[in-house]
Amino acid sequence: MDLSPLQKARYEYSPKLPGMLRGGISEIGVQVGEPTESVADQEQIKALFPNTYGKNEITFTKGANTSAAKKQVVGVILSGGQAPGGHNVICGLYDALKATDKNNVLLGFKGGPSGLIDNDYIEFDDAYIDAYRNTGGFDIIGSGRTKLETEEQFQIVTEVAKKHGLTAIVIIGGDDSNTNAAVLAEYMAAHNTGVQVIGCPKTIDGDLKNEDIEASFGFDTATKTYSELIGNIERDANSAKKYWHFIKVMGRSASHVALECALETQPNVCLIGEEVAAKKMSLAEITNYIADSVEKRGNNGENFGVAIIPEGIVEFVPEFSKLIAEINELLAGSKTEAFNALPDWDAKYEFIRKGLSAESFAVFDILPEFVQHQLFLERDPHGNVQVSLIESEQLFSEMVKNELEKRKAAGTYKGKFGSQHHFFGYEGRCAFPSNFDADYCYSLGYNAFMLIQYGCNGYLSKVSNIARPAEEWVAGGMPITKMMNIERRNGKDKPVIRKALVELDGAPFRYFVAHRDEWAVKTAFTYPGAIQYFGPAEVCDRPTMTLALEKGLD
């Protein structure tokens, strides 16, 4: 296979480790910290995880390795959506495992959690691993979204582990995947299988974070990739001076990606879902907010601009959430078939009108017809509206257009409005990892093996102080149960890792608020450019602005 020059160069890149993980494996000691408790619902979580709850924080140190020597056979899976750096987690895990004992074995189970159930695996060797170092994607073994949560699944995984003599399983995934890791770890402990389970924090959405996990891997690369594209569009907008670009970015449950991209590129408008929810903003209020910027710029002769829209924005709008809930009830069970059997949209529209409350129908009725149709597309496995299919960037573009026509008729708006639409999602999930993510992910994998070697079970690989140079990073582990609370899922109370939303009193959002009124009117675009892999550290190794602001570095 022919390789690009960049591919060749990235294979040769040596990721940087935290200071305490550098040198020989025999020089990595451990410091045991305080016992932990869950972030909420302590009694319930403790009752559900009697064997893995309340464990101590772990920090690795420079010192004598006191772990018990034994042959390790470790299984690893990639779970959920792709995130840049996943390959390096596996490479770091492999290198630490082999550095400890060349007879240790790493098995990669293919296609996510289902690979564990189906016993579909590959045994890694040097040549196989070397072909994936510092590269994007999850194609080394593939990923999947199967959930490990039933007694039957756990029994099968236990049998597969026994067949291979597995001593540990590493699950690389997001909040749901690591929730599954915690449950599997508890099962393994309760049944005395001797199999340890370790998680690694992955998601480009940035919502798997807390005081211990400062960032999930992939967020750095993905947001820098999107920011490059947004900056390119801003430059084009400022050149052509005739279009407003409405750009949707990934992030259904939280707006971290949108906020980071705004901090990097200084667009005229950026919606933050958490603020919309806190202020209980209606669709009309959001529309007016965007239209105000368009009007002011248009009246100044600047008929162009950029608006960033987080993927899940409509779910943060109270009236829209209520509408979706009513639609889910309207089409529950066999009612979906009856709705689909109606002969045309007019008949379906009447069915909807009769089935919704007057309040929700009023919201439905102001939506552009293409969005009305999108609300009744194929349901998800639970029979609910697939919100990700709603083209919210086009929704707000159309609503702003209609509002501006009213303002033009009233004589307050004198500009011209044309729009373009973009969705940046898949473009960032498998990009070549930035130096930051290459280093961070390799460290997470290397660190995961050290947690295994020291006998930890139900822990998340933790590398902190990551806004500083890698030499100053701190490696260790935290019990996954520390991140958990009880939430209502599909009609049942379930233990889950609490998602981290944008904090409206946090430094990144406060910085954004302090500047957005100026950005709304002025052309203050900034152009981050492409991710740089070679050059000054302040260019190539810099963390996201979100992380820098949170740590008081910017």
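The values are calculated or read from the model by the stated rules, or taken from the named source; none is laboratory data. Since the model is a prediction, treat every value here as computed from it, not as a measurement. Methodologically, a virtual Cβ is constructed for each residue, glycine included, from the backbone with ideal geometry; neighbour enumeration extends over all protein chains shown.
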Q: Go over the candidates Asn300, Asn268 one by one and state the one that is surrounded by fewer than 24 Cβ atoms within 10 Å (Cβ to Cβ) and on the phi < 0 side of the Ramachandran plot.
A: Asn300
Q: Six or more apart or on different chains, Cβ under 6 Å: which pairs go from a residue in the range 1-24 that's more than 16 Å from Val89 (Cβ to Cβ) to one that's of a type in the set (S, T, N, Q) and modelled with pLDDT of 95 or more? Could you list them?
A: Met20/Thr61
Q: Look through Thr135, Thr158 and report the one residue that is hydroxyl-bearing (Ser, Thr, Tyr) and crowded, with 20+ Cβ neighbours inside 10 Å.
A: Thr135
Q: Would you mind telling me which numbered condition in (1) touching a residue at least 12 places away in the same chain (Cβ under 8 Å); (2) more than 13 Å from Leu78 (Cβ to Cβ) Pro113 fails?
A: (2)
Q: Take Leu21 and decide whether it is touching a Pro at 6+ places or on another chain (Cβ under 7 Å), in the same structural domain as Arg468 (by TED's automatic domain parsing) and farther than 20 Å from Thr167 by Cβ.
A: no
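Inspect the range 438-460 for any residue being of a type in the set (Val, Ile, Thr), at pLDDT 95 or above, assigned by TED's automatic domain parsing to the domain that holds Asn56 and within 18 Å of the chain's Cα centre (by Cα) and give the result as yes or no. Let's see the steps before the verdict.
So the first thing to find is which residues in the range 438-460 are of a type in the set (Val, Ile, Thr), and the list is 452.
After this cut, where a residue has to be at pLDDT 95 or above as well, the list is 452.
Now narrow it down to the ones that are assigned by TED's automatic domain parsing to the domain that holds Asn56: 452.
From what is left, the residues that are within 18 Å of the chain's Cα centre (by Cα) are none.
Taking every residue of the range 438-460 in turn, none turns out to be of a type in the set (Val, Ile, Thr), at pLDDT 95 or above, assigned by TED's automatic domain parsing to the domain that holds Asn56 and within 18 Å of the chain's Cα centre (by Cα).
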Q: Go over the candidates Gly86, Gly75 one by one and state the one that is crowded, with 19+ Cβ neighbours inside 10 Å, of a type in the set (Gly, Ala, Ser) and touching a His at 6+ places or on another chain (Cβ under 9 Å).
A: Gly75
Q. How many residues, within the range 409-454, are under 24 Å from Gln82 (Cα atoms), surrounded by fewer than 22 Cβ atoms within 10 Å (Cβ to Cβ) and of a type in the set (S, T, N, Q)?
A. 0
Q. (1) at pLDDT below 95; (2) out of contact with any strand residue (DSSP E or B) (no Cβ under 6 Å at 6 or more places or on another chain); (3) charged (D, E, K, R); (4) outside any loop (DSSP other than H, G, I, E, B): which one isn't true of Glu471, the others all being true?
A. (1)
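Any chance you could count how many residues in the range 195-214 are hydrophobic (A, V, I, L, M, F, W, C), part of a loop (DSSP other than H, G, I, E, B) and touching a strand residue (DSSP E or B) at 6+ places or on another chain (Cβ under 8 Å)? Talk me through it step by step, then tell me what you get.
Our first condition is that a residue be hydrophobic (A, V, I, L, M, F, W, C); within the range 195-214, this holds for 195, 197-198, 200, 204, 208, 213.
Cutting the leftovers down to part of a loop (DSSP other than H, G, I, E, B) gives us 195, 204, 208, 213.
Retained after the next criterion (residues that are touching a strand residue (DSSP E or B) at 6+ places or on another chain (Cβ under 8 Å)): 195, 208, 213.
Matching residues across the range 195-214 total 3.
Pick out the one residue from Ala500, Ala470 that is touching a Leu at 6+ places or on another chain (Cβ under 9 Å), surrounded by 15 or more Cβ atoms within 10 Å (Cβ to Cβ) and outside the structural domain of Lys71 (by TED's automatic domain parsing). Step through it out loud before you land on a result.
Values: Ala470 fails: outside the structural domain of Lys71 (by TED's automatic domain parsing).
Exactly one of Ala500, Ala470 is touching a Leu at 6+ places or on another chain (Cβ under 9 Å), surrounded by 15 or more Cβ atoms within 10 Å (Cβ to Cβ) and outside the structural domain of Lys71 (by TED's automatic domain parsing), namely Ala500.
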Q: Looking at (1) surrounded by fewer than 18 Cβ atoms within 10 Å (Cβ to Cβ); (2) within 29 Å of the chain's Cα centre (by Cα); (3) in a helix (DSSP H, G or I); (4) in contact (Cβ under 8 Å) with a residue 12 or more places away in the chain, find the lone condition where Asp236 falls short.
A: (4)
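Taking the stated definitions as given, is Gly54 touching a residue at least 40 places away in the same chain (Cβ under 8 Å) and part of a loop (DSSP other than H, G, I, E, B)? It would help to see each step written out before you state the result.
Working: touching a residue at least 40 places away in the same chain (Cβ under 8 Å): yes; part of a loop (DSSP other than H, G, I, E, B): yes.
For Gly54, the condition - touching a residue at least 40 places away in the same chain (Cβ under 8 Å) and part of a loop (DSSP other than H, G, I, E, B) - is met.
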Q. Out of Ser357, Ser293, which single residue is in the same structural domain as Glu398 (by TED's automatic domain parsing) and surrounded by 13 or more Cβ atoms within 10 Å (Cβ to Cβ)?
A. Ser293
Q: Answer yes if at least one residue in the range 517-537 is surrounded by fewer than 17 Cβ atoms within 10 Å (Cβ to Cβ), acidic (Asp, Glu) and in a loop (DSSP other than H, G, I, E, B), and no otherwise.
A: no
Q: Scan the range 498-506 and give yes if some residue there is of a type outside the set (Gly, Ala, Ser) and farther than 23 Å from Tyr226 by Cα, otherwise no.
A: yes
Q.
Within the range 79-96, does at least one residue satisfy the condition of being within 20 Å of Glu186 (Cα to Cα) and either assigned by TED's automatic domain parsing to the domain that holds Ile141 or of a type in the set (A, V, I, L, M, F, W, C) (or both)?
A. yes
Q | Selected residue (only one of Asn192, Asn180 is crowded, with 17+ Cβ neighbours inside 10 Å and either in contact (Cβ under 8 Å) with a residue 60 or more places away in the chain or not in a helix (DSSP H, G or I) (or both)) | A | Asn180
Q) Do any residues in the range 435-458 that are assigned to a helix (DSSP H, G or I) have Cβ atoms under 7 Å from those of residues that are charged (D, E, K, R), where the two are at least six apart or on different chains, and which pairs are they? A) Asn435/Asp541; Phe436/Asp220; Phe436/Asp541; Asp437/Asp220; Asp439/Lys16; Tyr446/Asp95
Q. So, in the range 326-383, of the ones that are at pLDDT 90 or above and among the small types (Gly, Ala, Ser), which residue ends up nearest to the chain's Cα centre (by Cα)?
A. Ser360
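Please verify whether Glu37 is under 27 Å from the mean Cα position of the chain (by Cα), in a strand (DSSP E or B) and either in contact (Cβ under 8 Å) with a residue 60 or more places away in the chain or closer than 21 Å to Ile172 by Cα (or both), treating the condition exactly as stated. Give the steps one after another, and end with the answer.
Numbers: under 27 Å from the mean Cα position of the chain (by Cα): yes; in a strand (DSSP E or B): no; either in contact (Cβ under 8 Å) with a residue 60 or more places away in the chain or closer than 21 Å to Ile172 by Cα (or both): yes.
Against the criterion (under 27 Å from the mean Cα position of the chain (by Cα), in a strand (DSSP E or B) and either in contact (Cβ under 8 Å) with a residue 60 or more places away in the chain or closer than 21 Å to Ile172 by Cα (or both)), Glu37 does not qualify.
Evaluate the range 382-395: report whether one residue or more is farther than 22 Å from Ala307 by Cα and small (Gly, Ala, Ser). Talk me through it step by step, then tell me what you get.
Residues of the range 382-395 farther than 22 Å from Ala307 by Cα: 382-386.
Filter once more, keeping what is small (Gly, Ala, Ser): 383.
Scanning the range 382-395 turns up at least one residue that is farther than 22 Å from Ala307 by Cα and small (Gly, Ala, Ser).
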Q. Which condition does Ala47 not pass, out of (1) aliphatic (A, V, I, L, M); (2) part of a strand (DSSP E or B); (3) more than 24 Å from Phe436 (Cα to Cα), if it passes all the others?
A. (2)
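Is there a residue in the range 120-138 that is of a type in the set (Val, Ile, Thr), touching a residue at least 40 places away in the same chain (Cβ under 8 Å) and more than 26 Å from Thr52 (Cβ to Cβ)?
Residues of the range 120-138 that are of a type in the set (Val, Ile, Thr), as a first pass: 122, 129, 135.
Of the ones still in play, those that are also touching a residue at least 40 places away in the same chain (Cβ under 8 Å) are 135.
Next, only the ones that are more than 26 Å from Thr52 (Cβ to Cβ) stay: 135.
Yes: one or more hits.
Can you give me the ranges of the helices (runs of 4 or more DSSP H) entirely in the range 260-349 with at least 3 residues that are under 30 Å from Ala222 (Cα atoms) and out of contact with any Cys (no Cβ under 6 Å at 6 or more places or on another chain)?
Details: elements: 273-279, 283-299, 313-316, 318-330, 335-340.
The helices (runs of 4 or more DSSP H) meeting that bar are 273-279, 283-299, 313-316, 318-330.
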